[in-house]
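Let me begin by presenting the structure, written as C-alpha cells, before commenting on it.
The values are calculated or read from the model by the stated rules, or taken from the named source; none is laboratory data. Just so it is clear, the structure is predicted and the values come from calculations on it, not from any experiment. Here Cβ is always computed from backbone atoms with ideal geometry, including for glycine, and neighbour counts include all displayed protein chains.
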Amino acid sequence: MTSLRITLSEDPRDFQRRDWSDLVDQDPAGTLFHTPEFLKLYWEEFGEGELLLAFGEDGMGRQVAAAGFETVGDVLRFLGGTEITDYQGPVGLPGVTGAFAEGLAARLRERPDWRVADLRGLPEDSPWLPALREALAGSDLNVDETDDQNGVAPFLQLPGSWDAYLEGLPSKLRHEIRRKAKKLESDAGPYRVETANERNLLPFLDRFVELHRESEGPKGVFMVPGMEIFFRRLGEELCPRGIFRLTFIRVGEELAAGTVGFVFGGTYSLYNSAYDRRWHQLAPGMVLVAEDIDQAIAEGCERFDLLKGDYAYKYRFGARRRAVRRVIATRD
C-alpha cells in the first residue's frame, strides 16, 4: 500500500483554498454532503467546537483525499452533524482509500484533544467503512461498529423511462401510485408540478417553511430559525446550478405540498418534504414524490435516494433498504 502524506488544518479558509470538489466527483461514495461547499455552509451555520480538515497527498504533492471533522468536547466526529448530513466520511481517488484511512488514523491518534471518535454516516456499501474500521483498530484504539441514528437510507435504481419504472414495481404498488394521482385530480381538479427557479425561489422557500412549521410531530419543530437560514442559503447557492430542487404540487391556486431535493452525480436525493394538512386525505405529498421520481428519470438520473429514515412510505415507491453505519473508536 502506497503511503500518503497527511496534513491537518484548523483553518476554515481551506474549504476554498484546498477545494476537494474534484475528489467528490471521482469517488464513487462521494455525494453533495461531502463537498466543501456543503460542509462550509454547515460549519458556518451549525459548527461546534473545533474544526479539523484532513488532506492526503501523494508522492507528487497532489491532493488525492480529504475529510472534515469537528471536535466537540472530547468527541471527534465527521463534520456535518447528525440532523443535517445524511452521508459522511472521507473522499478520495479510487485506489487511495486504504492508504488514506491508515495515515489518517495514525495522525488522529497522535492528537490529545479527543477521547472518542464517533464517526457516523457511512453507508454499508462504502469502501470507507471497512477501511476506517480496520485502520482505527490498527492504531491501538478500541473499535466498535453499529447502526447509525436512523440508520437506513432506502433508494431506487432508476430505469430509462417512467413506464419501465412502473412495470418494475409489484402490481399493488404500481396501482397505488396511479390511484393516488387520479384521486387527487378527480377530487381537487387538475394539478401541476412547479420547480423553483431563481425568480420564484424566495416565495417558494417562504411557503415551504410555512408548511414545515405547520407539520405535526418532530417535523413541526425541525424548522427553527437557524435551520431556515441554512435551507435558504442552500437554495440561494445551489438553485442557480440546478442542484437544489424545491418542487411543489399546485392544486388550483394553492401550493399543497413541497419537496426539497438535490440532483448531484447522477442521483436525485429527496432531502425534505412538507404538505398542507388540509389536503391530507388526498395525499399530495405522495403524488409529488412520484412526480419527483418521474422527473429524475427524465433527467437521466441513475438513482433516486430517499436518504436516512426507515419510513414505510419510502417502500411504497419500491425502494430497497440500505444500511448506514457508525464506527466508534475509543482510547484505552
Problem - Near pairs, Cβ below 7 angstrom, 6+ apart or cross-chain, from the range 261-287 (basic (Lys, Arg)) to any residue that is modelled with pLDDT of 95 or more - result: none
Practice task
Looking only at the range 1-29, count how many residues are buried (at least 20 other Cβ atoms within 10 Å of the Cβ), within 17 Å of the chain's Cα centre (by Cα) and under 18 Å from residue 234 (Cβ atoms).
Solution key: 1
Exercise for the section: Taking the residues in the range 208-244 that are crowded, with 20+ Cβ neighbours inside 10 Å and not hydrophobic (A, V, I, L, M, F, W, C) as candidates, determine which candidate is modelled with the highest pLDDT. Expected result: 235
Exercise for the section: Kindly indicate the residue of the range 96-113 that is buried (at least 17 other Cβ atoms within 10 Å of the Cβ) and under 14 Å from residue 74 (Cα atoms) and also nearest to the chain's Cα centre (by Cα) among those meeting that condition. Expected result: 108
Completion exercise
Within the range 278-332, the residues that are part of a strand (DSSP E or B) and acidic (Asp, Glu) are 305
Fill in the blank from the handout: Flagged in the range 136-180 as at pLDDT 95 or above, among the aliphatic types (A, V, I, L, M) and touching a helix residue (DSSP H, G or I) at 6+ places or on another chain (Cβ under 8 Å), in numbering order, are 136, 143, 156, 158, 166, 169, 177
